[in-house]
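Chemist: For reference, the structure I am asking about is given below.
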Amino acid sequence: MDNTLVSVIIPCYNMEPYLAQTLESVINQTYKNLEIIVVDDGSKDGTANVAREYEKRDSRVKVLVQANKGASAARNLGLDHASGKYIALTDGDDWWAPTKIEKHVKHLEGDPSVGCSYSATQFVTLDGKLLHCRFPKTKNLSDYYLYCRNPITNGSTPVFRREVFDEHSFDEDKPRNNDVDCWLRICFTPPRKWKLEGVNEALTFYRVTPGSLSDKLDKHYDACLHTWQKSYQYAPDIAKKFAKLAEAFQLRNYARRAFSMRQSADCRRFMFQAMKTDMRMFLYEPVMTAATLAAVLLVPFVPGGKKKS
């Protein structure tokens, strides 16, 4: 198994404070046959210098630099230079458990029909403090779950067969949500050749970045709308059935995020918009949806709750 080359693609933009930790976690994988491609997307800080120091120290590291075009263009450039049988992705501020690549390669080698192997995610703060974990379903994923619940979770969990990216690439037209757009096209573009499955361990550590909640989530929502609308082109039957439901779930997630930050107005706005969009979320996930609605009603009375966002 160790004879199989895995290409690791790391897009970076202004990741100087975090890139060393990312690279250390990749270099120190128990699986050693790696090609590590760092793509500096026109950073304005010392990201490229950090990457080149590792390039000098480890022959497996290759640094590419491009003018700032976004994460999708950086990933695509990395794919153009990758020669591995498998392609692993991680962002320049996240890191991996030491056995991540070993376990994904074993998974992929065991079932040729699996095009993507992903893991659970441990979310962390910018300074590395542990938050919560997400353990998505790992097998027998329904169309509903693939379309609405994003089992891959983020761009630092998946390991793909190279052939997947012979057929697909990352859309460079939009600055946000292009990873989910790519996952959906891989899942649903006819003849639906590739299966997604997961490893039920938290092997990825994903940094959550702070920011203005309303501005950040509204921009992400616009990008999600573009992704769902685009899916009508390659999977019209699936999109007709699930696009509104996926939108409702996304709005519900925003409401939960707003609740965690005690932002009452945003919490209500997102949850009421979710219910207006598709009430089927109460059928598909009744407990979580009802709990979120309860939180919306209670947030003004929670200590620290804000009536204005």
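The values are calculated or read from the model by the stated rules, or taken from the named source; none is laboratory data. Here the structure is a predicted model, which is why all the values come from computation and not from measurement. Reconstructed Cβ throughout: ideal geometry from the backbone, glycine too, with neighbour counts over all protein chains shown. Areas reflect the complete protein model, heavy atoms only, side chains present, ligands, DNA and RNA absent. Shrake-Rupley method; radii C 1.70, N 1.55, O 1.52, S 1.80 Å.
Chemist: List, please: which pairs have Cβ atoms under 9 Å, are six or more places apart or on different chains, and start with a residue in the stretch 8-21 that is under 11 Å from Ser43 (Cα atoms) and end with one that is assigned to a helix (DSSP H, G or I) and among the hydroxyl-bearing types (Ser, Thr, Tyr)?
Modeler: Pro11/Ser72; Cys12/Thr22; Cys12/Thr47; Tyr13/Thr47; Asn14/Thr47; Met15/Thr22; Met15/Thr47; Glu16/Thr47
Chemist: Continuing with this model, one more query. Here is a check on your reading of the model: is Ser119 open to solvent by 50 Å² or more (accessible area, probe 1.4 Å), of a type in the set (S, T, N, Q) and within 27 Å of Ala243 (Cα to Cα)?
Modeler: Working: open to solvent by 50 Å² or more (accessible area, probe 1.4 Å): no; of a type in the set (S, T, N, Q): yes; within 27 Å of Ala243 (Cα to Cα): yes.
Criteria not met by Ser119.
Yes/no per residue for (1) open to solvent by 30 Å² or more (accessible area, probe 1.4 Å); (2) within 17 Å of the chain's Cα centre (by Cα); (3) closer than 17 Å to Ala246 by Cα; (4) not aromatic (Phe, Trp, Tyr):
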position: Lys139; (1), (2), (3), (4): yes, no, no, yes
position: Val159; (1), (2), (3), (4): no, yes, no, yes
position: Arg162; (1), (2), (3), (4): yes, no, no, yes
position: Phe165; (1), (2), (3), (4): no, yes, no, no
position: Leu184; (1), (2), (3), (4): no, yes, yes, yes
position: Pro190; (1), (2), (3), (4): yes, no, no, yes
position: Lys195; (1), (2), (3), (4): yes, no, no, yes
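Chemist: So the check is Cβ under 7 Å with 6+ separation or different chains; which pairs have a first residue in the stretch 218-242 that's among the aromatic types (Phe, Trp, Tyr) and a second one that's outside any helix (DSSP H, G or I)?
Modeler: Short answer, once both residue conditions are applied: Tyr234/Thr189.
Chemist: Among the listed residues Lys106, Lys100, identify the single one that is touching a residue at least 24 places away in the same chain (Cβ under 8 Å), open to solvent by 60 Å² or more (accessible area, probe 1.4 Å) and within 27 Å of Gly84 (Cα to Cα).
Modeler: Values: Lys100 fails: open to solvent by 60 Å² or more (accessible area, probe 1.4 Å).
Being touching a residue at least 24 places away in the same chain (Cβ under 8 Å), open to solvent by 60 Å² or more (accessible area, probe 1.4 Å) and within 27 Å of Gly84 (Cα to Cα) holds for just one of Lys106, Lys100, which is Lys106.
Chemist: Among the residues that make up the stretch 27-36, is at least one of them over 20 Å from Arg161 (Cβ atoms), touching a strand residue (DSSP E or B) at 6+ places or on another chain (Cβ under 7 Å) and open to solvent by less than 20 Å² (accessible area, probe 1.4 Å)?
Modeler: no
Chemist: If the Cβ limit is 6 Å and pairs must be 6+ apart or interchain, which residue in the stretch 254-269 that is over 15 Å from Asp218 (Cβ atoms) pairs with which residue that is charged (D, E, K, R)?
Modeler: Arg262/Lys306; Ser264/Lys306; Ser264/Lys307
Chemist: Scan the helices (runs of 4 or more DSSP H) fully inside the stretch 114-199 and keep the ones with 1 or more residues being within 25 Å of Tyr232 (Cβ to Cβ), free of Cβ contacts under 8 Å to residues at least 12 places away in the same chain and charged (D, E, K, R).
Modeler: Working: elements: 143-148, 162-167, 178-188.
Correct list: 162-167.
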